[in-house]
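Please read the structure below before turning to the comments.
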């Protein structure tokens, strides 16, 4: 979908800010659970990304095995949470559009069937695993 | 104006004027354009918003992935999108039409 550079950066910075705020909230109060997940509340079945916060917390403590067993999506989240703010800062300081082009390229790539099918399959496997673990 | 529901009301007059000006050779392409129904997006958003399916449907893959990875933005983004998805769909339809009209 076509979106201007500035509106994308606004959305990304809001998302990153909320993400870090949530992480600090959890670190401060010391509990991370699936309280916020609508699917979990309504159906009592975990969603594909339930357990990601706990996974990120485990990664922050250097426990990679624990993070992978909780939810492997935590690795993707932590990469995004490092790369996106860095890109935002670089682009805002030097007035470039590296992150914007990278976003558009990855969006374009994700729509290709040879990328989309394995990603969806992986997501479904992760979801089934999540349900089996009753996370 | 049978396609009126696919666009924002304040864009309709502008679209009408542009359609009157446009060359006849483009008419067949314009008639075959497929628009997304905002009501369908809303239903999808209500049912599968937490998984980001509504965003994927309107071609907004990046934000769809964002919603999927964060339990629908901790549930908040899901609720916000119940209200934003219809304007977003209409905006997408306008972009689709503009790609034909202004090329």
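The values are calculated or read from the model by the stated rules, or taken from the named source; none is laboratory data. Being a predicted model, the structure only gives us computed values, none of them experimental. Glycine also receives a Cβ, built like all others from the backbone with ideal geometry; neighbour counts cover every protein chain displayed.
Of note:
- Within region B:50-69, restricting attention to residues that are more than 8 Å from chain A (Cβ to nearest Cβ) and touching a residue at least 24 places away in the same chain (Cβ under 8 Å), the residue that is surrounded by the fewest Cβ atoms within 10 Å (Cβ to Cβ) is B:55.
- Any hit, region B:5-13, residues being touching a helix residue (DSSP H, G or I) at 6+ places or on another chain (Cβ under 7 Å), part of a helix (DSSP H, G or I) and closer than 30 Å to residue A:49 by Cβ: no
- Filter pass, residue B:31 being within 11 Å of chain A (Cβ to nearest Cβ), more than 28 Å from residue A:117 (Cα to Cα) and either in a helix (DSSP H, G or I) or touching a residue at least 12 places away in the same chain (Cβ under 8 Å) (or both): no
- Flag for residue A:114 being surrounded by fewer than 16 Cβ atoms within 10 Å (Cβ to Cβ), assigned to a helix (DSSP H, G or I) and either at positive phi or modelled with pLDDT of 85 or more (or both): yes
- Any pair with Cβ under 7 angstrom, 6 or more apart, that starts in region B:1-26 at a residue that is on the phi > 0 side of the Ramachandran plot and ends at one that is assigned to a loop (DSSP other than H, G, I, E, B): none
- Within region B:70-98, the set of residues being buried (at least 20 other Cβ atoms within 10 Å of the Cβ), closer than 18 Å to residue A:16 by Cβ and within 8 Å of chain A (Cβ to nearest Cβ) comprises B:70, B:71, B:72, B:73.
- Residue within region A:82-97 that is within 14 Å of the chain's Cα centre (by Cα) and surrounded by 13 or more Cβ atoms within 10 Å (Cβ to Cβ) present: yes
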